[in-house]
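First comes the structure, then the notes that go with it.
The values are calculated or read from the model by the stated rules, or taken from the named source; none is laboratory data. It should be emphasised that the depicted structure is a prediction, and the values quoted were computed from it without experimental measurement. Cβ atoms come from the backbone with ideal geometry, glycine included; neighbour counts cover every protein chain shown.
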Amino acid sequence: MKALAIPHNSNASKLMMFPDADANGDSIDLEYAQIRQHFEPLIEMMQIKGNSEVHRKFWAADEYADFENADSIQKYSGRTFHKRDFVREGLKVGLAFEKNLGANPFKYGFIGGTDNHNGVPSDVAEDSFVGGHGPEDSSVEQRRTGGVGGWIDGKDLSIGSLAGVWATENTRAAIWDAMKRRETFATSGPHIRVRLFGGVDLPAEPTDAKTLVEQGYELGVPMGSDLGSVGVAPTFTVYAIKDPDGANLDRIQIIKGWVDARGELHEEVIDVAWSGDRQKGPDGKVPAVGNTVDLSTAMFSNTIGAAELMGSWRDETFDPEQHAFYYARALEIPTPRWSTYDAVRHGLPLLEGVPAIIQERAWGSPIWYRP
């Protein structure tokens, strides 16, 4: 029998998702790290109880860390957020374990889910959200002022998330294999597709998506894979395409995490491809894409952004002696949040303290560099 486990939303894990000790309180050793890596190839990046990638409290330098933070989880069951409850930090901690032990217990590809208790797991459209927990959040008033089962305030609910799998064919066996090798991605709801490849021989300027994919497999490795020891800086090629019925794309970023010789953890967010003729500023960041949302009607326009984006990035600060990971994050242009659709539809004021607009996104599984 084959088995794999996919941990639930880590943002509510009370420091138990990425610990220093096992369930018995013993320090994590090589055997534990190997077993956990074998049986847990994936992690749930997002679901109805919010986004577990990052939180604005701990990632002030990441301007997109304020997405579906689900703060009210902390009002229930002693679930105070810590930086180590979030996936990006867990991935970095995993690198430190690998450096010290030779195995990474937190080597996770990304997947999404809804945790929807209504029996409609793919019901993730912002403009038609009717709650996810039966009578607890099935009315507008309950979503605006109520809560869900001692877990979260209704207004902090997300619509949930979707899982994407790059399988060789549409069969159970091929989908299983893709999940096991971590060639997966998660989206915050829209049907965005994203891919990432890495290798020292990849071209600096990909010409089209088909060629990018072909060269990615032939000359590099896909997301979810290890990039073996190399002596020169690798290049990463990325591609994303919008939901056919949804919003255009703003940008694709690559997030790099690494552990240095002293064991200290680091990260960097790099804008790799973006829409329009925007240019990076002195700080290396691309300006905001703009905003077409009309809050009085909960409508937006695809007059900004791009239907697809493609690009490459070479890690010029690459150190062949450092363990590292790289993953892609694709962002949509701003669109109305479900709570804005609710308010406009029923002639109610927008909720205070809740974002009226959001930038939906997709996350591709990491590529790991191992010296």
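Is there a residue being under 23 Å from GLU63 (Cα atoms), small (Gly, Ala, Ser) and assigned to a loop (DSSP other than H, G, I, E, B) anywhere in the range 329-336?
No, the range 329-336 contains no residue that is under 23 Å from GLU63 (Cα atoms), small (Gly, Ala, Ser) and assigned to a loop (DSSP other than H, G, I, E, B).
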Inset, instruction - Could you please give the count of residues in the range 19-68 that are touching a residue at least 40 places away in the same chain (Cβ under 8 Å) and in contact with a strand residue (DSSP E or B) (Cβ under 9 Å, 6 or more places away or on another chain)? - result: 20
Inset, instruction - Might you let me know whether the range 213-221 holds any residue that is charged (D, E, K, R), surrounded by 15 or more Cβ atoms within 10 Å (Cβ to Cβ) and farther than 13 Å from GLY364 by Cβ? - result: no
Legend entry - Whichever residue in the range 1-35 is touching a Pro at 6+ places or on another chain (Cβ under 7 Å) and assigned to a loop (DSSP other than H, G, I, E, B) and, among such residues, is farthest from ILE48 (Cα to Cα): ILE28
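Would you mind stating whether PRO41 is more than 17 Å from GLY257 (Cβ to Cβ) and not polar (S, T, N, Q)? Break it down stepwise before answering.
Working: more than 17 Å from GLY257 (Cβ to Cβ): yes; not polar (S, T, N, Q): yes.
For PRO41, the condition - more than 17 Å from GLY257 (Cβ to Cβ) and not polar (S, T, N, Q) - is met.
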Inset, instruction - Please specify each residue of the range 50-78 satisfying the condition of being over 21 Å from SER188 (Cα atoms) and surrounded by 17 or more Cβ atoms within 10 Å (Cβ to Cβ). - result: none
Legend entry - Test for GLY160: is it modelled with pLDDT under 95 and surrounded by fewer than 15 Cβ atoms within 10 Å (Cβ to Cβ): no
Inset, instruction - Determine, yes or no, whether GLY131 is surrounded by 23 or more Cβ atoms within 10 Å (Cβ to Cβ) and either closer than 26 Å to ARG182 by Cβ or not basic (Lys, Arg) (or both). - result: yes
Inset, instruction - Report those strands (runs of 3 or more DSSP E) wholly inside the range 178-273 carrying at least 1 residues which are more than 24 Å from GLU68 (Cβ to Cβ), aliphatic (A, V, I, L, M) and touching a helix residue (DSSP H, G or I) at 6+ places or on another chain (Cβ under 8 Å). - result: 249-259
Inset, instruction - Of the conditions (1) touching a Leu at 6+ places or on another chain (Cβ under 9 Å); (2) over 20 Å from ILE48 (Cα atoms), GLY112 clears all except one; give me its number. - result: (2)
Inset, instruction - Please indicate, with yes or no, whether at least one residue in the range 278-289 is in contact with a Phe, Trp or Tyr (Cβ under 8 Å, 6 or more places away or on another chain), at pLDDT 95 or above and either hydrophobic (A, V, I, L, M, F, W, C) or part of a strand (DSSP E or B) (or both). - result: yes
